[in-house]
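Here is the structure we will look at, set down as structure tokens.
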Amino acid sequence: MFARYVSTRYASTLRCPLFFFSVFSALATVACSAAAATTAPAVSVSASASASTSASSFRVLETVKLPGATRWDYLVFSSESHRLYITRGDSVDVYDTVAKRIVGSIADTKGVHGVALAPELNRGFTSNGQDNTVTVFALDSLKVLGTVPTDKKPDAIVYDAFTKRVFTANAIGENLTAIDAITLKVLATIKVEGKPEFAVVDGRGRLFVNIEPKNQLSVIDTAKLSSMAKYDLSSACDEPAGLSIDLARMRLFAGCHNQKMVVVDGNNGKILAALPIGKGSDATVYDSQLDLAVSSNGEGTLTFVGLEKDGSYIVKQTLKTMPSARTMALDPQSHKIYLVAAEFEPALAGADGKLARPKAKADSFTVITVTP
């Protein structure tokens, strides 16, 4: 994920000028209902009601404004504690989704991109892109337990319960760092031959990671710490970013910057479907109970892709959220989806006629809750 923190992440889109233009044209012109809702009180609740959990009934439930930095990247939800871990530049805020407030933070995580949780170990792990480290903390107390070195610019981070190992996807290093989650020792550096993006594990000893510039999925053996296969996505996907997995069917859902979500067979790499999604996809999640894959798009939409009885995939719903809401986390029990975004000043043309980088408005950082 390029530039990964939105004042810098949205403001730093050097590798993708077309995306920069499209997202910030949307910021300047789209009258998004969720964005409008955030201009009122700190907590804004939707007046609409929905009693079903059908694939076409999702709505924005509420928006909550939080103080502090308007920088962020990945979000992670804990089903055990109902906490949302929000990366915010140089710290991680812990948001209680029931109380709707920040209940703690993990400081000194410079350039933090992601958080991985290991509930059975009572440990969490952050990937610190500017420090080239992982911060280890206790889930119950949020106390920092130590740091572990990685290669250059760790971005995505994932915990594999099968091996009790943590893996960071190192953007500049073009590799993965494998860490023993118990001893906190670095076990290996695994070359992936390209900039790795998001990663998921199958719980059976395999890790899948998007290799963004090569339009590939790389498969890693999490026990042997070696490459197993490479899946070519280039026939349907340009620059895969977000990634999620259907563990029962062993299917992967990659959100691509050519406004496609590709469904990939995890066992052989076959592309099973390619569905239209919004601009600026940066995360996908999969709800196993509803058979829904969701893409969060920086233009300010969610795209819901559902599995039909005949085995085909179709777009079930497109929901407006808020421009810049491009990463998310799923609560698999309530089926709620959490996103974050911020409001931006209008993008103005510079002396050269090109759009200047818009500035995030102070105190506009917003948690968005989407519900069936």
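The values are calculated or read from the model by the stated rules, or taken from the named source; none is laboratory data. Owing to the predicted nature of the structure, the values given are computational and were not obtained by experimental measurement. Backbone-built Cβ (ideal geometry, glycine too); neighbour counts: all protein chains shown. When the accessible area is computed, the model is the full protein with side chains, heavy atoms only, and any ligands, DNA or RNA have been set aside. Shrake-Rupley method; radii C 1.70, N 1.55, O 1.52, S 1.80 Å.
How far, in nm, would the chain grow between Asp96 and Leu187 when pulled straight, counting 0.36 nm per residue and subtracting the alpha carbon separation?
29.4 nm
Can you work out the Karplus-derived ³J(HN,Hα) for every residue in segment 208-224? Use 6.51 cos²θ - 1.76 cosθ + 1.60 with θ = phi - 60°, whole Hz, and x for glycine or proline.
10, 9, 6, 9, 4, x, 9, 6, 10, 10, 9, 10, 10, 7, 6, 8, 7
Using 0.36 nm per residue, how much length does the chain from Val315 to Lys224 gain when fully extended, once their Cα-Cα distance is taken away?
29.0 nm
What list of ³J(HN,Hα) values in whole Hz, one per residue of segment 107-115 in order, does the Karplus curve 6.51 cos²θ - 1.76 cosθ + 1.60 (θ = phi - 60°) give from phi, with Gly and Pro shown as x?
Calculated HN-Hα couplings, in order: 8, 6, 10, 4, x, 5, 10, x, 9 Hz.
Which pairs in the list Lys224/Lys336; Lys164/Lys361; Lys185/Lys260; Lys110/Lys361; Lys309/Lys336 are over 32 Å apart, alpha-carbon to alpha-carbon?
Lys224/Lys336; Lys164/Lys361; Lys185/Lys260
For segment 170-227, take N as its residue count and report Rg(C-alpha) divided by 2.2 N^0.38 Å.
Against the empirical 2.2 N^0.38 Å value, I get 1.08 for segment 170-227.
Can you tell me the length gained on complete extension of the stretch Ala362 to Ala138, counting 0.36 nm per residue apart and subtracting the Cα distance?
Going from the current span to full extension adds 77.5 nm.
So which trypsin sites (Lys or Arg not before Pro) in segment 68-162 are both in a DSSP loop and have at most 13 other Cβ atoms within 10 Å of their Cβ?
Answer in residue order: Lys143, Lys152.
Could you please state, rounded to a whole Å, how far the C-alpha centre of segment 222-283 is from the C-alpha centre of segment 105-176?
23 Å
Under 20 Å Cα to Cα from Lys153, which aspartates and glutamates show up? Leave out anything in the same chain fewer than 8 places away.
Answer for Lys153, where 20 Å is the Cα cut-off: Asp73, Asp90, Asp108, Asp131, Glu174, Asp180, Glu193, Glu197, Glu212, Glu239, Asp282, listed by chain and number.
From the convex hull of the Cα coordinates of segment 97-243, what is the mean projected area in square nanometres?
9.1 nm²
Quick one: which residues, 5 or more positions from Lys359 or on another chain, have an amide H under 5 Å from its amide H? H modelled 1.01 Å from N in the peptide plane, none for Pro or chain starts.
Placed amide hydrogens put Glu345 under 5 Å from Lys359.
Round to a whole number: what % of the accessible area of segment 198-331 belongs to carbon and sulfur, probe 1.4 Å?
46 percent
With a 1.4 Å probe and all protein chains kept in place, how do Ser226, Ser296 rank by accessible area, largest first?
Output order, biggest surface exposure first: Ser226, Ser296.
Enumerate the amide H contacts of Met228 below 5 Å, restricted to partners 5 or more residues apart or on another chain; note that Pro and chain-start residues carry no placed amide H.
Amide H neighbours of Met228: Val219, Ile220, Asp221.
Cα-based Rg (one decimal) and Dmax (whole number) for segment 50-124, in Å?
Rg, Dmax (Cα atoms, Å): 14.2, 43.
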